[in-house]
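A short worksheet on the structure shown next.
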Amino acid sequence: GENMLWGGRFTGGLDPLMVSYNESIYFDCKLYAQDIAGSVAWARANHKAGILTVAEFSAIESGFKEVKEEWDSGSFKIISGVDEDIHTANERRLGEIIGKDIGGKLHTGRSRNEQVATDMRLWLRDELRKIESYMVDFLKVTAARAEQEIDHIMPGYTHLQRAQPIRWSHWMLSYGTAFASDLERLREVISRVNLSPLGAGALAGNCFGLDREAMAKELGFEGLLWNSMAAVSSRDFVVEAMQWGSMCMLHMSRWAEDLIIYSSGEFAYVRLADAYSTGSSLMPQKKNPDSLELLRGKAGRAFGQMAGLMMTVKGLPSTYNKDLQESLEPMLDHVKTVSDSIQIATGVLSTLAVNPAKMKASLDPFMLATDLADYLVKKGVPFRETHHISGQCVAFSEKTGTPMNEMTHGDFKGIDARFGEDVLKCFDYEVSVEQHSAQGGTARKSVLEQVEVLKSMLA
Ligand code: ARG
């Protein structure tokens, strides 16, 4: 029909299913504010280039102010079948408010191809900045708890088998380190997202001599996307943001998995606050860690959206193809998933109760077998030999049913004459963790150093 943007050429009506299949308005309307900001910057540049008079520019600017107020207040009426996407909807409404003659000049030399890329980059930049602040909040809680709860000693695991004693703070900081790298990566991603495609046209650039730098500056972009063809066709910025989100959720799901295990009755090292757990409709005693399970589960969803978009863009021919419209929904959902997840994780961590007595009760003297080997190393025995001797002590303990920390000096001496009286001092978990005082280890001083490194990234 004549309301259609390309109505001049197409005379037959569209298949009604094709109309809804093609339209993006019901999801890209989330980008209304970015679309309007981009259009105002566009109009200003056109005014400066002599294409719009000052009066025309002012009409466009104030007209868009009204359109934005309608969206803000929820009174904007989408016309089904006419408003194909947010760009056509905003322009249609602008024309109704300020008249089609002026409204129709706005799109001079502009393509929706550069428009949609601009809107998405602006939206994503702002959302990623919010996510950055949520990451900082999460890491602040991690650093604060690590500092306050440094006294608690728990079993550290490999293969989910008790391995060596560690500080609870050291466990928290192990994830803190991963999330801190995520934070660094996020800051880099934001700087690549925050580049302007405006002025790229449909693909070949702008022929009215628009000042691309000025438009970019007005919109808060840090620079330009140089090649116009790349600028309209690239969805690398979405893919990269989702790769980032996938990595972050990967860490989040492992963090959640540890806490799910630690909150089970068999471990009971931690207890989730009621605000982040649910009960069972059948079993009255149950308190389930749903928040953590959702963090773990949503990681799969976030990863799927990333993989889906990579499949969508692979093999596309140069510049704009409608397939690219398929980048919007995964982006919107992925970003919400990641953003909500980080905030939930912060809530979980800041309200989590720890049970240091349970942690302590789970420590096993066998976890000090390595310390026993290290004891002889310090007496000059080669490690390969001490490992074997310590293994014999473990075997003695198992065979006689004597816990290793209850074996006598005589028992040890019977296994190797080089064991002195002071061997009994090995069986102190505090002494064990404090021996790991090299940088990055689980000794108090090394853990506090890690807290400082983490804090310095959060300023
Ligand atoms: N709704 C479209 C999208 O999201 C806008 C760009 C349309 N461009 C085009 N040449 N049909 O990709």
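The C-beta contact set for region 324-342 (first residue at negative phi, second residue within 16 Å of the ligand (Cβ to nearest atom) and among the basic types (K, R), distance under 7 angstrom, 6+ apart or interchain) comprises L324/R235; S327/R235; L332/K30. So is S181 surrounded by fewer than 19 Cβ atoms within 10 Å (Cβ to Cβ) and in a helix (DSSP H, G or I) or not? Answer is yes for this residue. Residues in region 209-225 that are at pLDDT 95 or above and either within 16 Å of the ligand (Cβ to nearest atom) or not acidic (D, E) (or both): L210, R212, A214, M215, A216, K217, L219, G220, F221, G223, L224, L225. Within region 236-260, being charged (D, E, K, R) and closer than 12 Å to R185 by Cα holds for one residue alone: E240. Within region 142-172, the set of residues being more than 19 Å from D428 (Cα to Cα), assigned to a strand (DSSP E or B) and β-branched (V, I, T) comprises just one member, T158. Check T118, T88, T53 and return the single one that is at pLDDT 95 or above and touching a Gly at 6+ places or on another chain (Cβ under 6 Å). Result: T118 is the single residue among T118, T88, T53 that is at pLDDT 95 or above and touching a Gly at 6+ places or on another chain (Cβ under 6 Å).
Kindly indicate which of M215, M252, M229 is in a helix (DSSP H, G or I), closer than 20 Å to S339 by Cβ and of a type in the set (A, V, I, L, M).
Numbers: M215 fails: closer than 20 Å to S339 by Cβ; M229 fails: closer than 20 Å to S339 by Cβ.
Result of the check over M215, M252, M229: M252.
Within this structure, L124 passes the test of being under 30 Å from R185 (Cβ atoms), within 16 Å of the ligand (Cβ to nearest atom) and in contact with a helix residue (DSSP H, G or I) (Cβ under 9 Å, 6 or more places away or on another chain). A single member of R121, R167 is more than 30 Å from L203 (Cα to Cα), of a type in the set (D, E, K, R) and within 28 Å of the chain's Cα centre (by Cα), and it is R167. Selection over region 309-333 of residues that are within 16 Å of the ligand (Cβ to nearest atom) and within 22 Å of C248 (Cα to Cα) gives a count of 8. Restricting attention to region 343-395, the residues that are without any contact (Cβ under 8 Å) to a residue 40 or more places away in the chain and among the hydrophobic types (A, V, I, L, M, F, W, C) total 11.
I'd like to verify a number: residues in region 302-316 that are at positive phi and either under 18 Å from the mean Cα position of the chain (by Cα) or surrounded by 15 or more Cβ atoms within 10 Å (Cβ to Cβ) (or both), how many?
Here is the first cut: in region 302-316, the ones at positive phi are 315.
From what is left, the residues that are either under 18 Å from the mean Cα position of the chain (by Cα) or surrounded by 15 or more Cβ atoms within 10 Å (Cβ to Cβ) (or both) are none.
Going through region 302-316 one residue at a time, the tally reaches 0.
Given the condition within 22 Å of G347 (Cβ to Cβ) and of a type in the set (A, V, I, L, M), answer yes or no: does some residue in region 219-235 qualify? No, that holds for no residue. Filtered by the rule that a residue be hydrophobic (A, V, I, L, M, F, W, C) and closer than 13 Å to G103 by Cα, region 52-82 gives L52, A55, F57, A59, I60, F64, V67.
Just one of the listed residues (R121, R162, R145, R129) is of a type in the set (K, R) and surrounded by 23 or more Cβ atoms within 10 Å (Cβ to Cβ), namely R121. Being among the charged types (D, E, K, R), away from the ligand (no atom under 16 Å from the Cβ) and either touching a Pro at 6+ places or on another chain (Cβ under 9 Å) or without any contact (Cβ under 8 Å) to a residue 60 or more places away in the chain (or both) is a property that does not hold for D258. Considered as a group, the residues in region 82-111 that are under 17 Å from V19 (Cβ atoms) and in a helix (DSSP H, G or I) include one that is farthest from the ligand (Cβ to nearest atom), and that residue is R92.
For region 412-430, what are the residues that are assigned to a helix (DSSP H, G or I) and either surrounded by 15 or more Cβ atoms within 10 Å (Cβ to Cβ) or in contact (Cβ under 8 Å) with a residue 60 or more places away in the chain (or both)? Explain how you work it out, then say what you get.
Of the residues in region 412-430, the ones assigned to a helix (DSSP H, G or I) are 412-415, 421-426, 429-430.
Matches in region 412-430: F412, I415, V423, L424, C426, Y429, E430.
Do we have A307 as touching a Gly at 6+ places or on another chain (Cβ under 7 Å) and not in a loop (DSSP other than H, G, I, E, B) here?
Values: touching a Gly at 6+ places or on another chain (Cβ under 7 Å): no; not in a loop (DSSP other than H, G, I, E, B): yes.
Considered against the rule, which asks whether it is touching a Gly at 6+ places or on another chain (Cβ under 7 Å) and not in a loop (DSSP other than H, G, I, E, B), A307 comes out as no.
Every condition in (1) within 15 Å of the ligand (Cβ to nearest atom); (2) assigned to a helix (DSSP H, G or I) is met by E70 except one, and the failing one is (1).
Within region 100-116, the residues that satisfy the criterion of being more than 25 Å from L225 (Cβ to Cβ) and in contact (Cβ under 8 Å) with a residue 24 or more places away in the chain are I102, G103, K105.
The values are calculated or read from the model by the stated rules, or taken from the named source; none is laboratory data. Quick caveat: nothing in here was measured; it's all calculated off a predicted structure. Please note: Cβ atoms are built from the backbone with ideal geometry, for glycine as well, and neighbour counts cover all protein chains shown.
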